[in-house]
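Trainee: My structure is below; once you've seen it, I'll send some questions.
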Amino acid sequence: LPLAPGFESMLAVRFAEGAALGGIPGIALVYLNEEVQELHAAVAAGTYVAGTTIGGLPGRLVAGPVGDLLDWRAGVLAVSICAAAAALLFIWLAPAPRGFRPVPRGQGPGLVQRIPVNLQSRRLLALYAQGFLLMGGFVAVYNYLGFRLEAPPFLLPASLASLLFLA
C-alpha cells in the first residue's frame, strides 16, 4: 500500500486486502472450536473477537503520529511492519494444533457447493447483514470523525485525532 502510485491503485490494494483478510476471523473461530474444550469455546471466541480491537488500534495509533512526522506512506509502512512482526510472533508462539483433522482432498462438498447453502438461510443472511452494517457504521463514524477533527475549525493534527480510536 505505501508503494501505491495513486488513489485508484490504493483503493484496489485495500479492497484486495479486505477480501483476503475477511476469512481470517472465520478460520480463527474454527481453529478455536477444534482446539479448545467445548465448555470454553464461546469464551475463547469472545476473547478472540475482543482482542481484534487491540490489534486494530495500532493501525490508528501508530499511523497517525508517524504520518504527522513523515507522511501517510510512512505511517502505513510502520503499521505494515507492526502487522508483519505480530504475524511472526503468532507463528512462533501459537501452539501446534492438536484437534485438527484434515479432510482428504476430494472428500466432502467443495467450497463452491458449501457457500450457497449458507446464503439460503434467512437467519444467516440476517446475521451477515448485522455484522456488515454494524461494523460498516462503526468504521464510517470513526473515520468521519477523524477527518472532521483534522479539518477547520478544529485543525487537530492526525496524531491527536487518532487518539479518538481509544474511545
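Trainee: Give the ranking of I24, I81 by solvent-accessible surface, highest area first, calculated with a 1.4 Å probe.
Mentor: Numbers: I24 80, I81 105 Å².
Ranked list, largest accessible area first: I81, I24.
Trainee: Distance between the C-alpha centers of region 108-167 and region 29-66? Whole Å please.
Mentor: Cα centroid of region 108-167 versus Cα centroid of region 29-66: 16 Å apart.
Trainee: Which of rounded, prolate or oblate describes region 57-145 when judged by the alpha-carbon gyration tensor and an a/c cut-off of 1.5?
Mentor: oblate
Trainee: Using the crude model of +1 on Lys and Arg Cβ and -1 on Asp and Glu Cβ, and no other charge, please compute the dipole size for the chain relative to its Cα centre, in debye to 20.
Mentor: So the dipole magnitude of the chain works out to roughly 480 debye.
Trainee: Follow-up question, since we're still on this one. Given the options L127, L21, T53, identify the residue whose Cα lies farthest towards the positive end of the charge dipole of region 1-153 (+1 on Cβ of Lys, Arg; -1 on Cβ of Asp, Glu).
Mentor: Farthest towards the positive end: L127.
Trainee: Still on this structure: What residues from region 8-39 fall in the zone where the backbone N is under 19 Å from a label point 7 Å along the Cα-to-C-beta line of A96?
Mentor: Of the residues in region 8-39, 31-32, 34-36 have backbone N under 19 Å from the label point off A96.
Trainee: How far is helix 24-35 tilted, in degrees, relative to the longest principal axis of the Cα atoms in the chain, given as a value from 0 to 90 rounded to the nearest 10?
Mentor: 40 degrees
Trainee: Given contacts defined as C-alpha pairs under 8 Å and at least six residues apart, what's the relative contact order of region 62-167, whole-number percent?
Mentor: 33 percent
Trainee: For the chain, what is the mean residue ellipticity at 222 nm derived from helices alone (per DSSP H run of n ≥ 4: -39500 (n - 2.57); sum divided by total residues; nearest 500 deg cm²/dmol)?
Mentor: On the way: 8 runs with 122 residues, N = 167.
Calculated mean residue ellipticity at 222 nm is -24000 deg cm²/dmol.
Trainee: Cα axis of helix 72-93 to longest principal axis of the chain: angle in degrees, 0 to 90, nearest 10?
Mentor: 30 degrees
Trainee: Which percent of the accessible heavy-atom area of region 1-103 goes to carbon and sulfur, probe 1.4 angstrom?
Mentor: Details: 5600 of 7590 Å².
Whole-percent figure for carbon plus sulfur exposure: 74.
Trainee: Going from most exposed to least, what order do W92, W72 have by accessible area with a 1.4 Å probe?
Mentor: W92, W72
Trainee: Looking at region 104-167, which chymotrypsin sites (Phe, Trp or Tyr not before Pro) are in a loop (DSSP not H, G, I, E or B) and have at most 10 other Cβ atoms within 10 Å?
Mentor: Within region 104-167, the qualifying chymotrypsin sites (Phe, Trp or Tyr not before Pro) (loop, at most 10 other Cβ atoms within 10 Å) are F154.
Trainee: Here is a follow-up. Quick one: net charge around Y31, please, counting Lys, Arg +1 and Asp, Glu -1 for every other residue with C-beta under 15 Å from its C-beta.
Mentor: Working: positive: R98, R101; negative: E34, E35, E38.
Net local charge, Y31 excluded: -1.
The values are calculated or read from the model by the stated rules, or taken from the named source; none is laboratory data. It should be emphasised that the depicted structure is a prediction, and the values quoted were computed from it without experimental measurement. Glycine also receives a Cβ, built like all others from the backbone with ideal geometry; neighbour counts cover every protein chain displayed. Quick note on the areas: whole protein, heavy atoms, side chains included, nothing else; ligands and nucleic acids left out. Shrake-Rupley method; radii C 1.70, N 1.55, O 1.52, S 1.80 Å.
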